[in-house]
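Report on the following structure.
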Amino acid sequence: MSKEISLLIIGAVISVISTMIGLFSQLFVQSFLKNKGKAKIYLKKVYSKTDSKPWGFRNYTGGMIFIVPLWIEFHNTKEKKEIIRNLNLQLFANGKRTTNMIQASHYEKGEKKESYANSGSYSFILEPTSISKYDLQFMIKKSDVEVDFDEVKLSYYDSKDKYHEVLILKIEEPWKVSEQSIDKDWIPLK
């Protein structure tokens with residue numbers, strides 16, 4: 001093989017290798033920048049849309065009920081979509097989970113039905129670099145809870161299907177009729 005052809009082949013191989021290195025470097029940097037950031041969650045205990053009362057224990061015709069109305073705000077600082085799936089409240093007694101609360105899907109406003117959460121769903125797709133806010137309401141009847149509980153934790157699954165729990169309420173006297181205070185400001189979840 002002549003020297004010129006050998007040099008031409010070596011040059012082509014070097015060119016292909018350097019192009020591949022450049023391409024993979026660019027893809028790596030783009031992926032890194034796209035994944036940089038977090039999906040942050042903030043919540044605020046508010047008044048219920050149904051009876052204008054804050055979270056607490058209430059007597060209804062069907063018996064005693066525990067209601068927790070919340071606003072939740074998602075801040076997605078990533079350059080890609082994120083998922084928050086099956087956001088719910090879990091009841092705990094002495095550090096052990098006893099049950100989860102019921103996610104309210106809608107409420108009546110006059111003759112219309114208004115939806116809670118994401119059109120009644122408690123799973124959310126967070127658009128890249130976005131902020132979104134939702135009205136939520138959770139409830140449970142006393143007859144559906146086997147033991148008295150002392151903590152309420154917010155739970156959800158993230159985009160990687162990893163389960164998260166965060167303490168949001170300590171309960172001193174469960175099943176005692178009460179109305180608690182609402183939050184004046186947003187509470188960041190860790």
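The values are calculated or read from the model by the stated rules, or taken from the named source; none is laboratory data. Bear in mind the structure is a predicted one, so any value in this text is a computation, not a measurement. Here the Cβ is made from the backbone with ideal geometry for all residues, glycine too, and neighbour counts use every protein chain on show.
Data for the structure
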read-out	value
Output for the range 66-97, where each listed residue is modelled with pLDDT of 95 or more, among the β-branched types (Val, Ile, Thr) and more than 11 Å from the chain's Cα centre (by Cα)	Ile67, Val68
Hits in the range 165-190 - residues which are of a type outside the set (Phe, Trp, Tyr) and within 14 Å of Leu91 (Cα to Cα)	Glu165, Val166, Leu167, Ile168, Leu169, Lys170, Ile171, Glu172, Glu173, Pro174
Selection count, the range 147-164, where residues are within 16 Å of Phe92 (Cβ to Cβ) and among the acidic types (Asp, Glu)	3
Pick from the range 153-190, criterion of a type in the set (A, V, I, L, M) and assigned to a loop (DSSP other than H, G, I, E, B), ranking: nearest to Ile41 (Cα to Cα)	Leu189
Residue ID - surrounded by the fewest Cβ atoms within 10 Å (Cβ to Cβ), chosen from residues in the range 85-127 that are among the charged types (D, E, K, R) and closer than 26 Å to Asp51 by Cβ	Glu111
Selection status of Lys162, free of Cβ contacts under 8 Å to residues at least 24 places away in the same chain and either among the charged types (D, E, K, R) or surrounded by 15 or more Cβ atoms within 10 Å (Cβ to Cβ) (or both)	yes
Any hit, the range 98-116, residues being within 27 Å of Lys80 (Cβ to Cβ), of a type in the set (Lys, Arg) and either at pLDDT below 95 or not in a strand (DSSP E or B) (or both)	no
Lys176 being in contact with a His (Cβ under 9 Å, 6 or more places away or on another chain), under 20 Å from Asp51 (Cα atoms) and exposed (fewer than 13 other Cβ atoms within 10 Å of the Cβ)	no
Breaking point among (1) touching a Phe, Trp or Tyr at 6+ places or on another chain (Cβ under 7 Å); (2) at negative phi; (3) hydrophobic (A, V, I, L, M, F, W, C), for Trp175	(2)
Selection count, the range 57-84, where residues are under 21 Å from Leu169 (Cα atoms) and surrounded by fewer than 18 Cβ atoms within 10 Å (Cβ to Cβ)	5
Count - residues of the range 143-183 that are closer than 18 Å to Gly62 by Cβ and at pLDDT 95 or above	0
